[in-house]
1. Return the long-range amide H neighbours of Q58 (sequence gap of 5 or more, or a different chain), with a cut-off of under 5 Å between placed amide H atoms.
2. In whole Hz and in residue order, list the ³J(HN,Hα) couplings for segment 59-74 that follow from phi through the Karplus curve 6.51 cos²θ - 1.76 cosθ + 1.60, θ = phi - 60°; x for Gly and Pro.
3. Using unit Cβ charges (K, R positive; D, E negative) and no other charged atoms, how large, in debye to the nearest 20, is the dipole of segment 82-151 about its Cα centre?
4. Using a 10 Å cut-off around each Cβ, can you sort T108, T81 from fewest to most neighbouring Cβ atoms?
5. So how do D61, D78 line up by other beta-carbon neighbours within 10 Å, fewest first?
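Just so it is clear, none of the values below were taken in a lab; they were calculated from the coordinates. What you see is a predicted model; the values in this text were computed from it and never measured. All Cβ positions, even for glycine, are placed from backbone atoms using ideal geometry, and neighbour counts span all protein chains on display.
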Amino acid sequence: MSDNDSTLHNGSLYDPAKTHATALREIETNEIEGLATPEAAKAVAAQFVPVFARYDIQPVDASNIAAAVSHVRRAPADTETVAGWAAKSKEYLRSEYGNDAGQVLADTQKLLAKDPAFKAYLDKTQLGSHPSVVRAISNAAVAFRKAGKLK
């Protein structure tokens, strides 16, 4: 079964493309506004379906990631912007996880190390520092650790 198929997830039928439809439409719309063809826009959006599913990204977080993706595809972030994102991300980790922020960051990096293609994309676009991405993936890392899936 592919990542795009409906699967049993937390005891219920789960279709990542439907769950994240709003975020995927946002990516498509932003791609078209950036002069991509509708087919190319759909292809870009489709790349995120397995990512959102793999990390069990919540729809609101998926929409925030979609906005960040669209932003950097239109205008890559400069050094100052990335530094600002990193500072906000560190603040989020500290405020959300307190003394465990360092462990959560290490878990997040460990989780991403298992997904070299997505990690390479985050590194290339510098979205790995974006607060929306850090929030979503760090939350996934915490959930994976609690479920015993992060080793």
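1. It is none; the list stays empty.
2. Values per residue, Gly and Pro as x: x, 5, 5, 4, 5, 5, 5, 4, 5, 5, 4, 4, 4, 6, 6, 7 Hz.
3. Details: 12 positive and 6 negative charges, 40 e Å.
Using only the charged Cβ atoms, the result is roughly 200 debye.
4. On the way: T108 25, T81 16.
So the ranking, lowest neighbour count to highest, is T81, T108.
5. D78, D61
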